[in-house]
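Peer 1: Take this structure first; my questions come after.
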Amino acid sequence: MPLLRVEGLRKNFPLPTGRLLAVDGVDLELERGETLAIVGESGCGKSTLGRLVLRLQEPDAGRISLDDTDIGPLKGSALRTLRRRMQIIFQDPFSSLDPRQRVGDVLTRPMRLHGLTDRAGAAAAAAVLIERVGLSAAQLALLPHGFSGGQRQRIAIARALCVQPDLIVCDEPVSALDVSVQAQIINLLADLQRDSGVALLFISHDLAVVRQLAHRVAVMYAGRIVETGATEAVFRAPAHPYTRALLAAVPQIGSRIGDEPAAGEPPDMTRPPPGCRFASRCPEAKPACTAGAAPALHPLSPSHASACLFAADLPPFAAPSDAALPDPVRTRIAAYRSARDRQEARA
């Protein structure tokens, strides 16, 4: 039984000109100790999906289950218990921390609110946790303005972990950080997941980061999941034209300025078009792609599914070699891991 199951999730937002369909019929599952990445261009609905999973926003339709329990009807104390089990790391480390709360209070108040320990126990747990994310217990007395962006994001990670959650939604947690700090945060998340078994729903548009961290990937376009599968399967043999366009858009040595793998714009989601929503931008589109309902995911293998009607007929995809990719994130991750391993060996 998966830790998290989402079925038929749908969300509209009212606008003066109509209703914007942000999430449309999303299904997904997440196991304990697993990282599922939600990727797609800005505006595809991935952050809204993360907030719906946490019930920070209420869906218009669909079911969200945690350990096979429907969390939609939960209220009061039952909802508070749910909040402890599901946490979030926000994108901006500068606005996600209260500037008037000392770091010690940021970490100890949630523990006491959920009745996990008393004041002394919370203080001791906060000291251990802050060192676990690479800071020192002496820094618990400081206010957020005394930290860099990377250090603030470490505090945000510690805040998410302090109530011992089963699931953390990571909403673009490294996009606001410089590349060298990104590598440290990615490795920190991987290490904490290995030690605690927490599941991560990792929302990102950075494919290099996703490839390093995620076990599985779900590609989102115009409110729908269009491809999902094991990370390496999706990266090496993408089975939807939109996924191929995302991968082709990664800069490569020798690529020409101005090349556009997916020309055009996403559809107007106040008036969703019939059929496949990527059809107007798709180089492989056929008449059947623009008729009827939006295509559903269909399995290509036990660990890979695509919503393309003609996935089996797509031409071979030339996956870029690692050597062709100027990937500073991957280089820094490797260097960071090497330094960490040397430090652990000395210890």
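Values in this text are rule-based calculations from the coordinates and carry no lab data. These numbers were taken from a predicted model, which means no experiment stands behind them. Here the Cβ positions follow ideal geometry from the backbone for every residue, glycine too, while neighbour counts run over all protein chains shown.
Peer 1: Quick one: which residues, 5+ away or cross-chain, put their amide H under 5 Å from the amide H of ALA61? H built at 1.01 Å from N.
Peer 2: Correct list: ARG10.
Peer 1: Let me ask another. Work out, step by step, the length gained on full extension between ASP178 and ALA138: first 0.36 nm times the residue separation, then minus their alpha carbon distance; give nm to one decimal. Please list the in-between numbers first.
Peer 2: Numbers: separation 40, 0.36 × 40 = 14.40 nm, distance 2.53 nm.
That works out to 11.9 nm of additional length.
Peer 1: Here is a follow-up. Which trypsin sites (Lys or Arg not before Pro) from region 98-183 combine a DSSP loop assignment with at most 15 other Cβ atoms within 10 Å? Show your work: numbers first, answer last.
Peer 2: Values: sites: ARG100, ARG102, ARG112, ARG119, ARG132, ARG152, ARG154, ARG159; in loops: ARG100, ARG102.
Of the trypsin sites (Lys or Arg not before Pro), the ones in loops of region 98-183 whose Cβ has at most 15 other Cβ atoms within 10 Å are ARG100.
Peer 1: Between ILE89 and residues 5 or more places away or on another chain, which pairs have amide H atoms under 5 Å apart, with H built 1.01 Å from N, and which residues are they?
Peer 2: Correct list: VAL169, CYS170, ASP171.
Peer 1: Something else now. Please work out whether region 167-246 counts as rounded, prolate or oblate from its C-alpha gyration tensor, where a ≥ b ≥ c are the square roots of the eigenvalues and a/c under 1.5 means rounded, while otherwise a/b larger than b/c means prolate and anything else oblate?
Peer 2: Details: a/c = 1.88, a/b = 1.58, b/c = 1.18.
Since a/c reaches 1.5 and a/b is larger than b/c, the shape of region 167-246 is classed as prolate.
Peer 1: Multiplying the sequence separation of ALA78 and ALA124 by 0.36 nm and subtracting their Cα-Cα distance, what value in nm do you get?
Peer 2: Working: separation 46, 0.36 × 46 = 16.56 nm, distance 2.75 nm.
The ALA78-ALA124 span can extend by a further 13.8 nm.
Peer 1: Oh, and also: At HIS114 and ASP268, where each label point lies 7 Å from the Cα along Cα→Cβ, what is the point-to-point distance in nanometres?
Peer 2: 4.5 nm
Peer 1: What distance in nm separates the two pseudo spin-label positions at LEU56 and GLU131, each 7 Å out from Cα along the beta-carbon direction?
Peer 2: Result for the modelled spin labels: 3.1 nm.
Peer 1: Scan (1) 67, 49, 40; (2) 56, 44, 41; (3) 53, 48, 35 for the value of Cα extents along the principal axes in Å calculated from this model and give just the label.
Peer 2: Matching the structure shown: (1).
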